[in-house]
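K.L.:
Got a structure for you, questions after.
The values are calculated or read from the model by the stated rules, or taken from the named source; none is laboratory data. None of these values were measured; they are calculated from a predicted model. Here Cβ is always computed from backbone atoms with ideal geometry, including for glycine, and neighbour counts include all displayed protein chains. The protein model used for the area step is the full one, side chains on, heavy atoms only, and it has no ligands, DNA or RNA in it. Shrake-Rupley method; radii C 1.70, N 1.55, O 1.52, S 1.80 Å.
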Amino acid sequence: MVETGGTTHVVKEDFKNLFRRRFPQYIAATAACMGGFSLGCGIGWSGPCVEILKEKYNYSEFSTNLIAAVFPLGCALGMPVVPFLVDKIGRKWMMMSLVPVFILGWIFIIAGVSKLTLLIIGRLITGACGGMFCVVAPIYCAEISEKQIRGTLGVFFQLLLVVGILYAFCCGYSKNVIVISSLCGNGPVIFASIMIFMPESPLYYMSKDNEDAARKSMRFFRGPDYNIDAEIAEFKEQVEKSRHHKLTISVFMKKPVLKTMGVALGLMYAQQFSGINAIIFYCETIFKQTGVDMDPSLQMVIVAIVQVIACIASAVLIDQLGRKMLLIISFGVMASCLVSLGFFFVLKKNNPGAAENLFWLPLFSACTYILAFCLGAGPIPWAYMSEIFPTKLKGTASSCAAFFNWMLAFLVTVSFSSMINAIGIAAAFFLFAIICGLSVTFVIFFLIETKGKTFAEILREFGTHEIDG
């Protein structure tokens, strides 16, 4: 008993020391992912503000739809800037340079609350900055983290994003667009106040032939007693390989790179066409099916809390179960929930009495769906994208995948109502269920598990280790 107790004590001490040593990695990742919090504020802003703009400022349905839809469009339009800056000024300073622009966007929204043009400009600017964060922050997190916790830190971005959405929904209780916008505009300020103290990525320093700075950065993230020579040598090898090739279109046409791009784009397509927008869009309708008279603001907060809980679970599980397993579970559960929702709406149309007896089904299915989405389909595509591209291609390739993602989000946002009018809500849910089912097959046959692997090992499995650049 004493020996067993002693062993248990040692294990706890080891975990405590390990956590203490890795603490700078967690802090730096949290700081970088405050950009995700700012993006979440921009996404969540439209939830409470759209109805307020209609009631207090007499905005039309078309105008509020446009105000909501231009945000993902802004995210997409910001993508072409990323490749030019992320490798020129670095990951940290590119994110820092976005702060004044982000704040300017919120100023446009605050000053132009009664002016449609100013609101649209503000939403485009904040969307562009948030979209750039969603590429650069995961890259930074992946490059500063040890392979054993890279997945966990990669999920931090989505976790802080949904916390930002929850924060914006809570701000909605003020029932004042200017107050909500002012509170949401604090995100970039909080990010800058923490990130200014964090070092640049050691891999970026190595790409600039500054090994001393790379070692100093790595020492900050690994601790004074950790042997960093192996990781520094690996980074040096990656950078040397990247210099053998120029960044041209022909590099992207090579089969291993096309395969890697195909996996990234496939995940982004699966994420946006998984039905998440349908669930969020019909959230109020789904809550009403339960027969519970609930404040719409409270409904949105409950949905956001569910997202936060699921993202925390994803951060805990991703480096234990792996990316593939979580994605398979996520898309599989989402498909089942969508079938249940489709079945309910068919039943409601054809047999309202039977549907009333299943009043609990839509709420249960919607909440389970959101849990499953935030467990895998939401965070993992962004984290995975930051792991799989060669060093020199990372900025351009990640930006292309993110551009594709946000353009799909924009198209889904502006066309969803038309699709529902054309085929009906039940058929839409069944269609999304089929896409989720196909996504499970895609993950099984095309994704390479990256859990616990170094960047070099991942590139070898994708066949891009000789095309690093």
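K.L.:
All but one of (1) modelled with pLDDT of 90 or more; (2) among the aliphatic types (A, V, I, L, M); (3) over 28 Å from I228 (Cα atoms) hold for V2, so report the exception by its number.
P.N.:
All conditions are met except number (1).
K.L.:
Going through F416, F455, F446 one at a time, which residue ends up being among the aromatic types (F, W, Y) and either open to solvent by 60 Å² or more (accessible area, probe 1.4 Å) or at pLDDT 90 or above (or both)? Spell out how you get there, then give the answer.
P.N.:
Details: F416 fails: either open to solvent by 60 Å² or more (accessible area, probe 1.4 Å) or at pLDDT 90 or above (or both); F455 fails: either open to solvent by 60 Å² or more (accessible area, probe 1.4 Å) or at pLDDT 90 or above (or both).
On inspection, the qualifying residue turns out to be F446.
K.L.:
Exactly one condition in (1) of a type in the set (V, I, T); (2) modelled with pLDDT of 90 or more; (3) crowded, with 16+ Cβ neighbours inside 10 Å is false for V251; which is it?
P.N.:
Of the numbered conditions (1) of a type in the set (V, I, T); (2) modelled with pLDDT of 90 or more; (3) crowded, with 16+ Cβ neighbours inside 10 Å, the odd one out for V251 is (2).
K.L.:
List the helices (runs of 4 or more DSSP H) that sit entirely inside the range 313-381 and contain at least 1 residues that are under 17 Å from the mean Cα position of the chain (by Cα) and within 30 Å of K147 (Cβ to Cβ). Steps first, please.
P.N.:
On the way: elements: 323-350, 352-357, 360-372.
Once the helices (runs of 4 or more DSSP H) in the range 313-381 are filtered for at least 1 residues that are under 17 Å from the mean Cα position of the chain (by Cα) and within 30 Å of K147 (Cβ to Cβ), what remains is 323-350, 360-372.
K.L.:
For the range 425-469, how many residues meet the condition of being in a helix (DSSP H, G or I) and either among the hydrophobic types (A, V, I, L, M, F, W, C) or over 30 Å from R243 (Cα atoms) (or both)?
P.N.:
Residues in the range 425-469 being in a helix (DSSP H, G or I) and either among the hydrophobic types (A, V, I, L, M, F, W, C) or over 30 Å from R243 (Cα atoms) (or both): 28 in total.
K.L.:
Let me ask another. For residues that are modelled with pLDDT under 80 and open to solvent by less than 20 Å² (accessible area, probe 1.4 Å), scanning just the range 291-310, find the one that is nearest to S340 (Cα to Cα).
P.N.:
Residue satisfying both the conditions and the ranking: Q299.
K.L.:
Separate question: Pick out the one residue from S207, S182, S174, S193 that is in contact (Cβ under 8 Å) with a residue 60 or more places away in the chain and under 28 Å from C311 (Cβ atoms).
P.N.:
S182
K.L.:
Which residues, taken from the range 325-355, are over 21 Å from G378 (Cβ atoms), surrounded by fewer than 17 Cβ atoms within 10 Å (Cβ to Cβ) and free of Cβ contacts under 8 Å to residues at least 24 places away in the same chain?
P.N.:
The answer is N350, N351, P352, G353, A354.
K.L.:
For the range 242-274: of the residues being assigned to a helix (DSSP H, G or I) and in contact with a Lys or Arg (Cβ under 9 Å, 6 or more places away or on another chain), which is nearest to V412 (Cα to Cα)? First the steps, then the outcome.
P.N.:
Within the range 242-274, the subset assigned to a helix (DSSP H, G or I) is 242, 249-252, 255-272.
Adding the requirement that they be in contact with a Lys or Arg (Cβ under 9 Å, 6 or more places away or on another chain) leaves 242, 251.
Values: S242: 37, V251: 31 Å.
Among those that are assigned to a helix (DSSP H, G or I) and in contact with a Lys or Arg (Cβ under 9 Å, 6 or more places away or on another chain), it is V251.
K.L.:
To continue, here is another question. Scan the range 404-424 for residues that are among the small types (G, A, S) and assigned to a helix (DSSP H, G or I) and jot them down.
P.N.:
Across the range 404-424, the qualifying residues are A409, S415, S417, S418, A422.
K.L.:
Moving on to the next point. If we scan the range 65-75, do we find a residue that is modelled with pLDDT under 95, in a helix (DSSP H, G or I), of a type in the set (G, A, S) and open to solvent by 10 Å² or more (accessible area, probe 1.4 Å)?
P.N.:
For the range 65-75, residues modelled with pLDDT under 95, in a helix (DSSP H, G or I), of a type in the set (G, A, S) and open to solvent by 10 Å² or more (accessible area, probe 1.4 Å): present.
K.L.:
Also: Taking the criterion of being among the acidic types (D, E) and either in contact with a strand residue (DSSP E or B) (Cβ under 7 Å, 6 or more places away or on another chain) or open to solvent by 60 Å² or more (accessible area, probe 1.4 Å) (or both), would at least one residue in the range 39-56 satisfy it?
P.N.:
Within the range 39-56, one or more residues are among the acidic types (D, E) and either in contact with a strand residue (DSSP E or B) (Cβ under 7 Å, 6 or more places away or on another chain) or open to solvent by 60 Å² or more (accessible area, probe 1.4 Å) (or both).
K.L.:
Could you pull out every one of the helices (runs of 4 or more DSSP H) wholly within the range 167-227 that has 3 or more residues that are open to solvent by 10 Å² or more (accessible area, probe 1.4 Å) and under 24 Å from P390 (Cα atoms)?
P.N.:
202-207, 211-222
K.L.:
All but one of (1) modelled with pLDDT under 90; (2) more than 21 Å from A402 (Cβ to Cβ) hold for A230; state the number of the condition that does not hold.
P.N.:
Among (1) modelled with pLDDT under 90; (2) more than 21 Å from A402 (Cβ to Cβ), A230 violates only (1).
K.L.:
Could you tell me whether F462 is closer than 23 Å to T126 by Cα, touching a helix residue (DSSP H, G or I) at 6+ places or on another chain (Cβ under 6 Å), surrounded by 17 or more Cβ atoms within 10 Å (Cβ to Cβ) and not small (G, A, S)?
P.N.:
Working: closer than 23 Å to T126 by Cα: no; touching a helix residue (DSSP H, G or I) at 6+ places or on another chain (Cβ under 6 Å): yes; surrounded by 17 or more Cβ atoms within 10 Å (Cβ to Cβ): yes; not small (G, A, S): yes.
Criteria not met by F462.
K.L.:
Which residues, taken from the range 155-164, are open to solvent by 10 Å² or more (accessible area, probe 1.4 Å) and either more than 18 Å from I125 (Cα to Cα) or more than 17 Å from the chain's Cα centre (by Cα) (or both)?
P.N.:
Start the filter on the range 155-164 by keeping residues that are open to solvent by 10 Å² or more (accessible area, probe 1.4 Å), which leaves 156, 158-161, 163.
Residues satisfying the conditions are F156, Q158, L159, L160, V163.
K.L.:
Taking V101 and the conditions (1) of a type outside the set (K, R); (2) open to solvent by less than 60 Å² (accessible area, probe 1.4 Å); (3) touching a residue at least 24 places away in the same chain (Cβ under 8 Å), which numbered condition does it fall short on, given that it satisfies the others?
P.N.:
(2)
K.L.:
Return the residues of the range 117-149 that are part of a helix (DSSP H, G or I) and open to solvent by 10 Å² or more (accessible area, probe 1.4 Å); say none if nothing qualifies.
P.N.:
T117, L118, I120, I121, L124, I125, A128, M132
K.L.:
Name every residue in the range 11-60 that is assigned to a helix (DSSP H, G or I), within 22 Å of P199 (Cα to Cα) and of a type in the set (A, V, I, L, M, F, W, C), in order of residue number.
P.N.:
Of everything in the range 11-60, those that are assigned to a helix (DSSP H, G or I), within 22 Å of P199 (Cα to Cα) and of a type in the set (A, V, I, L, M, F, W, C) turn out to be L18, F19, F23, I27, A28, A29, A31, A32, M34, F37.
K.L.:
Let me ask you something else. Out of all the residues in the range 86-96, which are in a helix (DSSP H, G or I) and either in contact with a strand residue (DSSP E or B) (Cβ under 7 Å, 6 or more places away or on another chain) or open to solvent by less than 60 Å² (accessible area, probe 1.4 Å) (or both)?
P.N.:
Scanning the range 86-96 gives V86, R91, K92, M94, M95, M96.
K.L.:
Every residue in the range 104-116 that is in a helix (DSSP H, G or I) and open to solvent by 10 Å² or more (accessible area, probe 1.4 Å), please.
P.N.:
L104, I107, F108, I110, A111, L116
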